[in-house]
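S.K.: I'd like to ask you about the structure that follows.
Just so it is clear, none of the values below were taken in a lab; they were calculated from the coordinates. None of these values were measured; they are calculated from a predicted model. So basically every Cβ, Gly included, is an ideal-geometry build from the backbone, and we count neighbours across all protein chains shown.
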Amino acid sequence: MSLPEYYFRVRENGAMVFRVDTENRMRRIDMDQIAVVNIKNGEIKAHGERELSDADQAAISKWLDDRRAQLAAREVDDILRTVDHLNLTAVWAQRRASPKELEAVSDALLMAMHDLRSVLVRKKSDQLKELDTD
């Protein structure tokens, strides 16, 4: 089994980057932190007094690009799941919900749906205006 050269411990705003080492006397896996990455601004900070090699920088930059693409895909998938949940909620409200259950959720759902609709209509209108000016 071959281990990767780098390990990225994901955290909320990026990752801690470790170099993986198995070439030691006891053949155990050592992970040496070499950097911290901020996914939002792309900042890469070397850990401690360490200087990152070109190979380190390239591996981290590749991970950063891949991670951003992965998160963007997840975001779209989450939105599509929300559409499914809205459809399932409509079925629930129509067929299974009791009056008490509907009372408990209706105001919050209606406000959230109104807010979402307003944003979507505004964005769609802006897109149509941009198409007209092109």
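S.K.: Considering only residues that are of a type in the set (Ser, Thr, Tyr) and closer than 19 Å to Thr82 by Cβ, look in region 93-129 and name the one that is farthest from the chain's Cα centre (by Cα). Walk me through how you get there before you give the answer.
M.R.: Step one: filter region 93-129 for residues of a type in the set (Ser, Thr, Tyr), giving 98, 106, 118, 125.
So of that shortlist, the ones also closer than 19 Å to Thr82 by Cβ come out as 106, 118.
On the way: Ser106: 29, Ser118: 25 Å.
Of everything passing the filter in region 93-129, Ser106 is farthest from the chain's Cα centre (by Cα).
S.K.: Restricting to region 20-58, name every residue that is more than 15 Å from Val10 (Cα to Cα) and of a type in the set (A, V, I, L, M, F, W, C).
M.R.: Scanning region 20-58 gives Val20, Met26, Ile29, Ala46, Leu52, Ala55, Ala58.
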